[in-house]
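**Q** The structure that follows is given in the form of structure tokens.
The values are calculated or read from the model by the stated rules, or taken from the named source; none is laboratory data. Keep in mind that this is a model prediction, so the values were computed, not measured. Cβ placement follows ideal geometry from the backbone for every residue including glycine, while neighbour counts extend to all protein chains displayed.
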Amino acid sequence: MTPPAASAVHRDPLAETPLILGHPSDLQVNDALLKPILDPNRGWKVLAGLAAAGTGLLVLGITVTLARGIGMWGNNQPVGWGYGIINFVWWIGIGHAGTLISAILLLFQQKWRTSINRFAEAMTIFAVMQAGLFPLIHTGRPWLAIYWLFPYPNTMGIWPNFKSPLIWDVFAVSTYFTISLLFWFIGLIPDLAALRDSATSRVQRMAYGVFALGWRGSARHWHHYKIAYLILAALSTPLVLSVHSIVSFDFAVSQLPGWHTTIFPPYFVAGAVLSGFAMVLTLMIPTRKAFRFENLVTERHLENMAKVMLVTSMIVSYGYLLENFMAWYGGSAYEAHLFFKTRLTGPYAPIYFMMIAFNVLVPQTFWWKRARTSLTWLFIASILVNVGMWAERFVIIVVSLHRDFLPSSWGMFFPTWVDWSIYIGTISFFSLLFLLFLRFVPSVAISEVKELNHEMRHGQAGTGGHA
Amino acid sequence: MPSMKTLPILQDHGQPQRLSGKPGQRSLWQSIQELEGRSSGRAGEFAAGAAEVPPELSRRSFLQILGASAALAGLGACQPPREKIVPYVKDPKEDRPGKRFHYATALALDGYATGLVLAASDGRPVKVEGNPLHPTNQGASSAWDQAALLDLYDPQRAKGIWRRGQPLSWRGFLAEVQKLARAHDADGGAKLAFLVAPDASPLLAELRRRLSTRFPRARFLAWAPATADHAAEGARIAFGRPVDMHLRLDPARVLLSLDADFLAGHGESLRLTREFARHREPGAEMNRLYVAEAAMTVTGAAADHRLRMRPSEVAGFARAVAAHLGALPGAEALEDPARDRAARVVAADLARNRGRSVVTAGERQPAAVHALAHAMNAALGNVGTTVVYTKPVLGDATPTAAALAELAKAIQAGQVDTLVVTAWNPVYAAPAGLDLGALLAKVPNAIYHSLRDDETSRRCSWRVAASHPFESWGDARARDGSVSLVQPVIAPLYESVNAADLFAAFLEQGDKGAFQHLRDYWQARSGLQGQAFQARWEGWLTRGLVPGTAEPADGPALNAAAVAAAARSPAPKGEGLELALAPSYGVFDGRFATNAWLQELPDPITKVTWDNPAYLSEATARRLGLADGQVATLTLQGRSVQAPVAVMPGHADDCVTLALGYGRSDGSATSKGVGVDAYELRTAPDAWFAVGLGVAPGKGKHKFAVTQGHLSMEGRPLALDFDAQEWAHGHGGHELEAQRGPVPSAQPPVDYSKEDYKWGMSVDLSRCTGCNACVVACQEENNIPVVGAEQVAKGRNMAWLRIDRYFAGPAADPQTVGQPVMCQHCETAPCEYVCPVNATVHSPEGLNEMVYNRCVGTRYCSNNCPYKVRRFNFLDWRGEVPAVQTMLFNPDVTVRSRGVMEKCTYCVQRIERARIDARVAGKKIEFVQSACQQACPAEAIVFGNLNDKASKVARLQEDARRYDLLHDLGTRPRTTYLARIRNPNPDLA
């Protein structure tokens, strides 16, 4: 499909860009969105090969960790948590955009979500999968942690400690993953049926047929489908807020300066959304180009995401500001020392300033439309924000731990090769999963795009709600 | 031995008669099998008395002897003769698996003994304790005493007897020695020499006496690396003959130490620490300590005034003080006005406390300083009150610095054919320039008797493995002369020889056995026979002390003119810096370099482990352009070593201090290549300090494995200290009010008042000297692993009990305070509520307990612990434990696996043991000590039941000096601290 680009150029500059360009027919939409699956690009294999090799690093890192112990990481006394928990929080944060885009924007009837929700949900699931690895492998004895963290009736008569935020984490993350997966899968069903119907080989037909769960597109099917989808959206919505709030409790509930902060839940959620949208942009911009989805994932989508990033970045900035204010106002010498001395002048100060630059200053450029619509800048900014969000978790975890109450116990944290290989390994594993997703599943919700297309053509949705 | 009757055992050679203890008295030793109760099956084979040989030989007995002789004939070849160990026929009632037995014994370091009690479980010693009845340590023990247990079970100990690479049986060895001895008979032993370690053992002295009777021309030399004859020489100047000087610190109010580290090191430091610490509480009885020294020592850190100066300047300072005291004619003003004023003030303070003051000179100071100290004490009227003189205890085995040179000369002159070395590692520790290794190789029969194969054993033609003191019979004397019998608690783990057996071999009595020698000697000395002696003997063994053996006070007359003449000797002059050498607090002179506990023991001042940095002051480092950790070349008299430097707060300027005992080229992996060999720079005349050191900055950078990288308190109220005067005026009390008392908490407080026990601890910072005894005691008691330098540098040291060291004031001359920190057992513990699996929970008696089995290792508890006392098993620290080392483990304490968090338990196993005993007796627990408390020579750590208002710990928690660490966090710690009080002289402010 070659979109008639001319029509997009000559338009009223004040009018919003339509969400789908060029009024394609259903067949054109179908062809465009199924093409990557039915007629794959050669570049995919190269990328998938790279990602698989990187995933090997993850396997290596985890094997070494299980065989030798956490001592293969840089963790020590006093820095009991290092890359493991940083990466956990980082990935969980990234995993926020999907549900937010799918569920909350659906409930608020933000039509522009349609072209990107599938994408974002997949990203969420894969990100949560990466995150889920860490709480397990970071424990000293994962072979016991894997089941002792769950409340199950046992002959020992011991339950987990329900006072511990780590237990809440287990519930929050596992619930979030389950709901996200279901939500994503339910949304996929009509598209899987479309794939089944368009598939050329028997194997594909069988495979997609199984997952399509016998979808035939009858009105009854659509009726149930819509209700199920809406219910799941309603269920996921509070999870968007709860998951990262609970992750933040891991820190807020403790008494360590830099952790013991009541602003953490909202500030973590905002940070999560910020990093989630940044990651969607990081992935969307190249995919959109490679798959020629420009008329379905338009500049307006990207611009809207930049706006969300601007807003959440400002919430995060407020969090930073309030933390510092409370450190001063609270009058605790230990907290003041951490905020005004250790963070600003300590050995990890560059990481702190990197966090400020990338999370506070970089998104400020999104006040300008040029910044919001420049693909290059959006791509760079999205990566910077993700680096910044990783730095934020480093500042919270390592910097707070490395100099706490008794100066006698102060120490430094240096990551080891295992730390790095696990981190790079999860990025690779994430990429691999994402590439598989792009290759085997429609990355844009075909049925929803068609629906929107029809709505637009019949003037119901107009420009598709407010962004 | 309860079940043993006195058995007339076959009088074959190698099977000496063994007299046993009375029933019910376990003063003698048993085999492992006996104590583990494994022997019961075999022992039950014969009925009681069946093995006895009747007076007249029956057919049955004849066959028995015939069979036994045939069976035993070969046995003598594989093992040195041991006193016959007879298994129990029936297990005594009180001996159950897991039951602890305690045996009194003693351990000598460079000749001076500490009285010990070894706790044995299932036939193996598992814990070293001080003997409370012993006058020199009064129940305390040092880090070295504690760590001796690790040496015992070291799988890398020397084993067997080797001659030129060929193994010898004990019997073969005896035969060979007999041949040697007879060959030396001809010329009266002119070509026979003995190089012995310093010792005060009456038995060894007797054997040496008999040896010198047989070989009148034999040479007997005593030598040890860390001793010099300065003190003896000083006494000779002052009194015309050598005497031992003993301090009595109980009555002392003002103490001046001239480079004497009397609160640490060997000799009487445990008793001195106890007496010193007793008078560190505010009040009229509080003492005041002045220390003149270069590198900060344990004693210097405890001082009220630390006068930092180079070692060569101490003599001048001593002269000035002596002159002000009138002990030396002709007062000379010191160049440095501040120091001159200090000398004047110190002298005035000493003079105000006549008869209640002490001046002591350090071993490293030259004889003149010792003589001056004697003169000052005499002038102050301290003799008889705070200073007591006795005849030297070491006697003929008094080490001399010249011993090695004399030996070298004799070897070079070809006057030594047979050399017996029982001194520790002379090849490694010999003064630089004396190539003893090459010389020893020239001696046809150099017999080296040592616990380990080391630099010296490689050069000697004979290697004889020494038995560990915990495996041997013997005796030893403390510095005050008190004799302790040394009894074995375990059969030798390896084929090895006792020093007494070795000497006896030259008397052709090697097969008599050390036990018999010892008993015969003491029987002869007691003049008693039969049962009377037996009863006394058992009393000595049980108490670990032979009463009435302390040396009586001596009253030597001071030769003031000689002192004045000696004091005029000029201070050493020379270009360049000054090099000061010191024994290490961990490895001592190097003999403990193979002991991983001591290698990993942080230096009390700088917290460096596994290393001996070249310490210097900040100003000197800056002047030389050296950064911390930078490798520098130290050159002295043409010899040089490469050593990484470290800035030590309070170090004297223009001086470099290097600890001895590191940089071993041989030994085990624990010692090899760790640190720098300071002996390379050590010469015989300048054994402890020398002027003319060149320091050239090098390129390399070295990372020290320190357990504490930050030495400032950052203005936080952590280790609190006050001056006695401000304390007396009520200042400080107000500050402490803010550090104790109730704090609002979200966690509702638990009422412990209804419990029988509410365990708590009190740590007195005023008493604590930071000597590290508690740290090793804790490690031994609680099966705490060592992790190695690399892991310590990564911040993974496993010590449950650490001593934090903080400095305050100017870096050049700071004040310092040490603070032992272990789990505080918070009533509202931050670690507990964050553990997801309930692996750390509170006991009804208020202990914060760690459930190792349940721990999955999230490390959340450690993150949330404000005291950072939790330790995580990041790796499998032990790996495959050699079988012999598994015997080291305290069977009452779980050996933790990888991935598990651990921490101080308040020695819960001791509480439970006491509870069991109390329940059996139908009483409440009356006495329980934590391991750290038991070892502490300063009585700084007190543990007990807070619900017992009469207990010491309950009283101390009401003390005016009491405060809680990080009180405002509301953790309600059960461990509380007593603030340190300093007693500075207002005239020297």
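**Q** I need the full set of residues from region B:602-623 which are in a loop (DSSP other than H, G, I, E, B) and among the polar types (S, T, N, Q), in order please.
**A** Hits for region B:602-623 are B:THR606, B:ASN612, B:SER617.
**Q** Within region B:688-807, considering only helices (runs of 4 or more DSSP H) that don't extend past its boundaries, which have at least 2 residues that are at pLDDT 90 or above and in contact with a Phe, Trp or Tyr (Cβ under 8 Å, 6 or more places away or on another chain)?
**A** B:773-781, B:789-793
**Q** Can you tell me how many residues in region A:404-456 are within 14 Å of another protein chain (Cβ to nearest Cβ), in contact with a helix residue (DSSP H, G or I) (Cβ under 7 Å, 6 or more places away or on another chain) and part of a helix (DSSP H, G or I)?
**A** Number satisfying all stated conditions: 2.
**Q** Tell me whether region B:819-839 contains one or more residues that are in a strand (DSSP E or B), within 14 Å of another protein chain (Cβ to nearest Cβ) and over 30 Å from B:LEU152 (Cα atoms).
**A** yes
**Q** Any residue in region B:810-822 that's within 16 Å of B:ALA292 (Cα to Cα): show its pairings with residues that are crowded, with 23+ Cβ neighbours inside 10 Å and among the hydroxyl-bearing types (Ser, Thr, Tyr) at Cβ separation under 7 Å, as long as the two are six or more apart or on different chains.
**A** As it stands, the answer is B:ALA812/B:SER617; B:THR816/B:TYR806, since those pairs meet every condition given.
**Q** Same structure again: Looking at A:TRP159, A:TRP168, can you tell me which residue is outside any helix (DSSP H, G or I), within 12 Å of chain B (Cβ to nearest Cβ) and over 30 Å from A:SER408 (Cα atoms)?
**A** None of the other options fit; the residue is A:TRP159.
**Q** Tell me, which strands (runs of 3 or more DSSP E) lie completely within region B:433-501 with 1 or more residues that are closer than 30 Å to B:VAL641 by Cβ and of a type in the set (S, T, N, Q)?
**A** Ranges flagged: B:445-450.
**Q** How many residues does region B:258-288 contain that are aliphatic (A, V, I, L, M), surrounded by fewer than 23 Cβ atoms within 10 Å (Cβ to Cβ) and touching a residue at least 24 places away in the same chain (Cβ under 8 Å)?
**A** Within region B:258-288, residues that are aliphatic (A, V, I, L, M), surrounded by fewer than 23 Cβ atoms within 10 Å (Cβ to Cβ) and touching a residue at least 24 places away in the same chain (Cβ under 8 Å) number 1.
**Q** Okay, next question. Every residue in region B:840-858 that is outside any loop (DSSP other than H, G, I, E, B), surrounded by 23 or more Cβ atoms within 10 Å (Cβ to Cβ) and within 12 Å of chain A (Cβ to nearest Cβ), please.
**A** B:THR840
**Q** If only one of B:ARG339, B:ARG356 is in contact with a strand residue (DSSP E or B) (Cβ under 8 Å, 6 or more places away or on another chain), of a type in the set (D, E, K, R) and either within 17 Å of B:ALA303 (Cβ to Cβ) or assigned by TED's automatic domain parsing to the domain that holds B:ASP589 (or both), which one is it?
**A** Exactly one residue qualifies, and that residue is B:ARG339.
**Q** Among the residues of region B:528-572 satisfying the criterion of being part of a loop (DSSP other than H, G, I, E, B), hydrophobic (A, V, I, L, M, F, W, C) and out of contact with any Leu (no Cβ under 8 Å at 6 or more places or on another chain), which is farthest from B:PHE101 (Cα to Cα)?
**A** Ranking the qualifying residues of region B:528-572, first place goes to B:ALA571.
**Q** Another question, then. Criterion first (at pLDDT 95 or above and in contact with a strand residue (DSSP E or B) (Cβ under 7 Å, 6 or more places away or on another chain)) does B:PRO820 satisfy it?
**A** When the stated conditions are applied, B:PRO820 passes them.
**Q** Another one. Quick one: count up the residues across region B:233-257 that are in a loop (DSSP other than H, G, I, E, B) and crowded, with 23+ Cβ neighbours inside 10 Å.
**A** Of the residues in region B:233-257, 3 are in a loop (DSSP other than H, G, I, E, B) and crowded, with 23+ Cβ neighbours inside 10 Å.
**Q** Right, something else. Specify the residue that is nearest to A:LEU182 (Cα to Cα); the eligible residues are those in region A:235-269 that are among the aliphatic types (A, V, I, L, M) and under 19 Å from the mean Cα position of the chain (by Cα).
**A** Here the answer is A:LEU235.
Quick grid of which residues meet (1) outside any helix (DSSP H, G or I); (2) surrounded by fewer than 19 Cβ atoms within 10 Å (Cβ to Cβ); (3) within 26 Å of the chain's Cα centre (by Cα); (4) more than 14 Å from chain B (Cβ to nearest Cβ):
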| site | (1), (2), (3), (4) |
| --- | --- |
| A:TRP44 | no, yes, yes, yes |
| A:GLY54 | no, no, yes, yes |
| A:LEU58 | no, no, yes, yes |
| A:VAL64 | no, yes, no, no |
| A:ALA67 | no, yes, no, no |
| A:GLN77 | yes, no, no, no |
| A:GLY80 | yes, no, yes, no |
| A:ASN87 | no, no, yes, yes |
| A:ILE92 | no, no, yes, yes |
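**Q** Also, I was wondering about something else. Name the pairs whose Cβ atoms lie under 8 Å apart, with the first residue in region B:508-527 and closer than 14 Å to B:ASP475 by Cβ and in contact (Cβ under 8 Å) with a residue 40 or more places away in the chain, the second in a loop (DSSP other than H, G, I, E, B) and of a type in the set (Lys, Arg), and 6 or more positions between them or separate chains?
**A** From region B:508-527, the pairs are B:PHE515/B:ARG18.
**Q** Output the residues belonging to region A:99-148 that are in contact with a Leu (Cβ under 7 Å, 6 or more places away or on another chain), free of Cβ contacts under 8 Å to residues at least 24 places away in the same chain and closer than 30 Å to A:GLY80 by Cα.
**A** Correct list: A:ALA145, A:ILE146.
**Q** On to the next question. Going through region B:952-982 one residue at a time, which ones are of a type in the set (Gly, Ala, Ser) and more than 14 Å from chain A (Cβ to nearest Cβ)?
**A** If the condition is that a residue be of a type in the set (Gly, Ala, Ser) and more than 14 Å from chain A (Cβ to nearest Cβ), then B:ALA954, B:ALA960, B:ALA979 are the ones that fit.
**Q** Moving on. Being in contact with a His (Cβ under 8 Å, 6 or more places away or on another chain) and touching a residue at least 40 places away in the same chain (Cβ under 8 Å) narrows it down to one of B:GLN642, B:GLN637, B:GLN630, B:GLN599, so name that one.
**A** None of the other options fit; the residue is B:GLN630.
**Q** If I filter region A:306-317 for residues that are within 14 Å of chain B (Cβ to nearest Cβ) and either assigned to a helix (DSSP H, G or I) or among the acidic types (Asp, Glu) (or both), do I get at least one hit?
**A** Looking through region A:306-317, none of the residues is within 14 Å of chain B (Cβ to nearest Cβ) and either assigned to a helix (DSSP H, G or I) or among the acidic types (Asp, Glu) (or both).
Matching residues to (1) crowded, with 21+ Cβ neighbours inside 10 Å; (2) more than 14 Å from every other protein chain (Cβ to nearest Cβ); (3) not in a helix (DSSP H, G or I):
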| residue | (1), (2), (3) |
| --- | --- |
| A:LEU144 | no, no, no |
| A:PRO151 | no, no, yes |
| A:SER174 | no, no, no |
| A:GLY214 | no, yes, yes |
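**Q** While we're looking at this one, here's another question. Tell me yes or no: at least one residue of region B:332-340 is free of Cβ contacts under 8 Å to residues at least 24 places away in the same chain, surrounded by fewer than 22 Cβ atoms within 10 Å (Cβ to Cβ), at positive phi and not in a helix (DSSP H, G or I).
**A** Scanning region B:332-340 turns up no residue that is free of Cβ contacts under 8 Å to residues at least 24 places away in the same chain, surrounded by fewer than 22 Cβ atoms within 10 Å (Cβ to Cβ), at positive phi and not in a helix (DSSP H, G or I).
**Q** If you go through region B:813-825 one residue at a time, do you hit one that is in contact with a Ser or Thr (Cβ under 6 Å, 6 or more places away or on another chain) and surrounded by fewer than 24 Cβ atoms within 10 Å (Cβ to Cβ)?
**A** Checked region B:813-825: no residue is in contact with a Ser or Thr (Cβ under 6 Å, 6 or more places away or on another chain) and surrounded by fewer than 24 Cβ atoms within 10 Å (Cβ to Cβ).
**Q** Select from region B:866-895 the residues that are more than 9 Å from chain A (Cβ to nearest Cβ) and surrounded by 21 or more Cβ atoms within 10 Å (Cβ to Cβ) and list them in ascending order.
**A** Selection gives B:MET887 alone.
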